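A short write-up of the structure that comes next.
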Amino acid sequence: MEKSQKINPFILRMLQEVDEEIKKGLAAGITLNIAGNNRLVPVERVTGEDFWILSRILKNCLYINGLDVGYNLLSDVGAYYAAKLVQKQLNLIYLNLMFNDIGPEGGELIAKVLHKNQTLKYLRMTGNKIENKGGMFFAAMLQINSSLEKLDLGDCDLGMQSVIAFATVLTRNQAIKAINLNRPILYGEQEESTVHIGRMLKENHCLVVLHMCKHDIKNSGIQQLCDALYLNSSLRYLDVSCNKITHDGMVYLADVLKSNTTLEVIDLSFNRIENAGANYLSETLTSHNRSLKALSVVSNNIEGEGLVALSQSMKTNLTFSHIYIWGNKFDEATCVAYSDLIQMGRLKPDNTDVEPFVVDGRVYLAEVSNGLKKHYYWTSTSGESYDHSSNAGFALVPVGQQP
């Protein structure tokens, strides 16, 4: 009213819910969820001007330590006020700005305010096209900031220059435990990004989670990463989904898994490892590795034999508890093998993305909405958007402030 501005009913409703929580005595550590993709309540997307009013309100709300305004219309205007909020609200640990049409200028403002910030632990910039220019500001920020633990710059149109800058900075930065560099805009067939990130992994002993989806990684690229993993003793979650890795690349991964005892989650979804690649992995998991907990081989053109081999490794390897196989070619032997694992209790229904059913005496497998990061981009209509079965990767390797 003071600014004679129209009240956004969505923001008003969410603030009223926070008031209710405070009245119940739940005032410590509230995450305010004003995400524009909320399907449970009527949504009016938050604009940059709306966020100005919101930031004025939140400036003095010491009980709110998390803010999710993903999937709104903040743009660079909202980014300016988000930077002001981070500067003044010193209790904020988690900030989600994903898919808000923030460009390179907005990215620069947020990166620069983090030079002096000592409280923010987890920042999601996913899907904001900050491009190479904005990426370079974030890389420069990581040379100075020593408190941020988790940074998500997936789908931000980063260029090769900024990916190399992040790899260089992370050889020195001792605070970042999880970074997401998914889908940069890369040109050429050189696989430079994996060369630099491989070098970084040899020297960095703090990074726990690394996401490298859509980096155009081929077999020589996975070889670079695996060579580094012989020397790395901190990485627990490696995501190389949506790349061009074939069964030849699995030779390197299977070999490093014989000696690496820290990797717990590997996401190989949407590659092309086929039966031969699955066999290499199952051999290592059966007879050597006892640290890997979860493996996703969704849509890898694996046929019955490779899938059965992976199921057999679960029988002997009791650490290996989560497997995701949907999108491959299931024959009857595969369906029976996974049905048996579930029936005998070796594979819990929440730890896989298939569920057996029987028609005319024959076993088939249906898809279940479980995965390593099913709710990375969207929230569930049931409201349980962060349950462990859908986001098993984050549950197994929790890093930074989870929403």
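Points to keep in mind about this one:
- Within the stretch 75-125, the set of residues being of a type in the set (Lys, Arg) and under 26 Å from Gly29 (Cβ atoms) comprises Lys84, Lys88, Lys116, Lys121, Arg124.
- The requirement of being surrounded by fewer than 19 Cβ atoms within 10 Å (Cβ to Cβ) and closer than 28 Å to Gly127 by Cα is satisfied by Ile7.
- Filter result (out of contact with any Leu (no Cβ under 9 Å at 6 or more places or on another chain) and farther than 24 Å from Val397 by Cα) within the stretch 197-220: Lys218, Asn219, Ser220
- Flag if Gly66 is closer than 26 Å to Gly107 by Cβ and either in contact with a Lys or Arg (Cβ under 6 Å, 6 or more places away or on another chain) or in the same structural domain as His375 (by the TED database) (or both): no
- Residues being farther than 30 Å from Met212 by Cβ and β-branched (Val, Ile, Thr) - total across the stretch 322-374: 5
- Annotation note: of Lys202, Lys116, Lys177, the sole residue that is open to solvent by 40 Å² or more (accessible area, probe 1.4 Å), under 17 Å from the mean Cα position of the chain (by Cα) and on the phi < 0 side of the Ramachandran plot is Lys177.
The values are calculated or read from the model by the stated rules, or taken from the named source; none is laboratory data. Everything quoted here is computed from the prediction, not taken from an experiment. Positions of Cβ are backbone-derived with ideal geometry, glycine not excepted, and every protein chain shown enters the neighbour counts. SASA here: full protein model, heavy atoms, side chains in, ligands and nucleic acids out. Shrake-Rupley method; radii C 1.70, N 1.55, O 1.52, S 1.80 Å.
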